[in-house]
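Okay, structure first, notes after.
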Amino acid sequence: MAQIAVIPGDGIGPEVMEQAIAVLERVNALFQTDLSFSYALAGGAAWEKYRDHLPEETIELCRSCDAILFGSVGGPVMEQSHIKWKNVERNALLGLRKEFSLYANIRPVRLFPTLAYSSVLRKDIAEKGIDLVVVRELTGGIYFGDPKGRSGRGHKESAYDTMRYSRSEIERIARQAFKIAEKRRKKVTSADKANVLETMVFWREVVDSISAEFPEIEYEHMYVDNAAMQLLKNPSQFDVILCGNLFGDILSDESAALAGSLGMLPSASLGRGGFGMYEPGGGSAPDIAGTGTANPVAQILSAAMMLRYSCARPDAAEAVERAVEVTMEQGFRTPDIWNDGCITVNTKEMGARITGNLE
């Protein structure tokens with residue numbers, strides 16, 4: 001049995017989580033996955049009860065589970081200064097990443113051919129489709145390196161951050177990228193800035209050494225600025241893109257914009273031993289909460305990633321992903337991905353269509 005900690009979160013989080021759980025319950029019946037679900041609070045919802053964005057009760061529940069299925073946290077932009085919402089993502093989301101040493105962020109980006117119209121890319125590029133994965137190191141680099149701070153006063157005041165990586169940090173994220181490529185199209189592109197940054201020279205050397213363990217994987221380096229351009233010119237050339245924390249943050253967000261809607265984009269943050277946290281890329285979208293228009297696909301695909309990485313059930317994961325694809329082919333759309341000739345459905349109807357296509 002796999003025990004799953006379910007954190008619906010704020011805004012549209014509970015609405016889309018409901019559909020993901022419905023899909024997983026159907027997976028239980030069809031694949032005998034024997035998943036069980038325990039619910040906990042984080043974000044604004046936790047603040048209402050505990051006056052804490054990440055209460056100890058939630059952390060303890062997560063410790064007892066095999067994976068975390070996370071919704072989204074956050075409130076309206078105009079209320080960000082309110083204590084209920086101030087630093088809510090840093091406290092809840094980053095707090096969980098730190099607590100469980102979730103060092104690898106896996107962000108698959110797929111543009112279905114049937115959704116080519118929704119992409120910002122030129123039509124002839126979008127119609128080729130996009131199917132890539134950004135593997136981002138999540139707990140090191142310039143975001144966490146010391147020293148960091150500010151010094152001086154007046155015209156001499158300055159601020160500084162330190163980009164720092166250890167060999168072990170680079171080795172473990174590189175191995176993760178190569179292992180993912182083994183199960184895909186067997187290509188890794190490592191994005192760095194080795195022409196100007198000593199840290200990235202070291203990064204390249206270490207990734208080179210890890211690549212020798214995977215001789216069947218096609219492997220290349222690419223300067224990150226060129227990678228950003230190539231994602232717009234020819235994204236179909238990429239399979240797995242390996243990045244440090246800073247560059248991975250930028251490239252994963254750029255890649256996400258190519259798929260047409262954040263409501264289609266799942267993600268995983270993985271630690272040791274198969275433990276991971278799985279969350280959609282679209283945020284809590286409080287402006288549409290309760291309207292029934294939220295797209296549940298990202299949350300459902302995040303659940304599929306959980307099946308693959310934490311539950312060791314790639315067969316069930318592939319079935320969920322295929323059910324989403326079939327639903328797109330049938331023309332069902334939530335408002336964020338609607339186009340002429342499509343069938344508009346609400347959040348529950350989209351979830352029900354995907355669940356039905358699992359048959």
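Taken together, the values in this text are just the output of simple stated rules run on the coordinates, not laboratory data. As the structure is a prediction and not an experimental result, all values here were calculated from the model. Cβ: placed from backbone, ideal geometry, glycine included. Neighbour counts: every protein chain shown.
Maximal additional length on extending the S168-L232 stretch stands at 19.8 nm, based on 0.36 nm per residue less the C-alpha distance.
A cut-off of 5 Å between modelled amide H atoms, ignoring neighbours fewer than 5 places along the same chain, links V6 with S38, Y39, A40, L69. Dipole check for the stretch 120-258: with +1 at the C-beta of Lys and Arg, -1 at the C-beta of Asp and Glu, and the Cα centre as origin, the magnitude is about 240 Debye. Peptide packing: for 96-105, 143-152, 263-272, the average count of neighbouring Cβ atoms within 10 Å per residue gives the ranking 263-272, 96-105, 143-152, highest mean first.
Projected onto their three principal axes, the Cα atoms of the stretch 84-160 cover extents of 54, 37, 29 Å, largest first. Rg ratio for the stretch 7-114: its Cα radius of gyration over 2.2 N^0.38 Å, N being its residue count, equals 1.18. Radius of gyration (Cα atoms) of the stretch 266-314, expressed as a multiple of 2.2 N^0.38 Å: 1.31. Over all pairs of different C-alpha atoms, the stretch 120-258 has a mean inverse distance whose reciprocal, the Kirkwood radius, equals 16.0 Å.
Put a dot 7 Å past the Cα of Y160, heading toward its Cβ, do the same for E325, and the two dots end up 5.1 nm apart.
Say R0 is 41 Å: what FRET efficiency, to the nearest 0.05, do E254 and M1 get from their beta-carbon distance?
Details: r = 39 Å, r/R0 = 0.96.
For E254 and M1, the calculated efficiency is 0.55.
In percent, rounded to a whole number, the relative contact order of the chain is 22, using alpha-carbon pairs under 8 Å and six or more apart. Computed over the stretch 120-258, relative contact order equals 36 percent, with contacts defined as Cα pairs under 8 Å that lie 6+ residues apart.
Bridging of K148 to lysines at a Cα separation below 30 Å is possible for K84, K86, K98, K156, K193, once same-chain residues fewer than 8 apart are set aside. Mean projection of the Cα convex hull over all viewing directions, computed for the stretch 187-323: 10.4 nm².
Values (i) 1.05; (ii) 0.94; (iii) 0.97 are given for comparison; Rg/Rh (Cα atoms, Kirkwood Rh), derived from the coordinates here, is the one labelled (iii).
For the stretch 120-258, DSSP calls about 20 percent of its internal beta bridges antiparallel. Tell me, how many Å apart are the Cα centres for the stretch 88-140 and for the stretch 240-290? If you average the Cα positions of each part, the centres end up 4 Å apart. As a rough footprinting exposure proxy, the listed residues W47, W338 were ranked by other beta carbons within 10 Å of their own, and the order from fewest upward is W338, W47. How much FRET efficiency would the formula 1/(1 + (r/R0)^6) give for E99 and E18, where r is the Cβ-Cβ distance and R0 is 25 Å, rounded to 0.05? It comes out at approximately 0.45.
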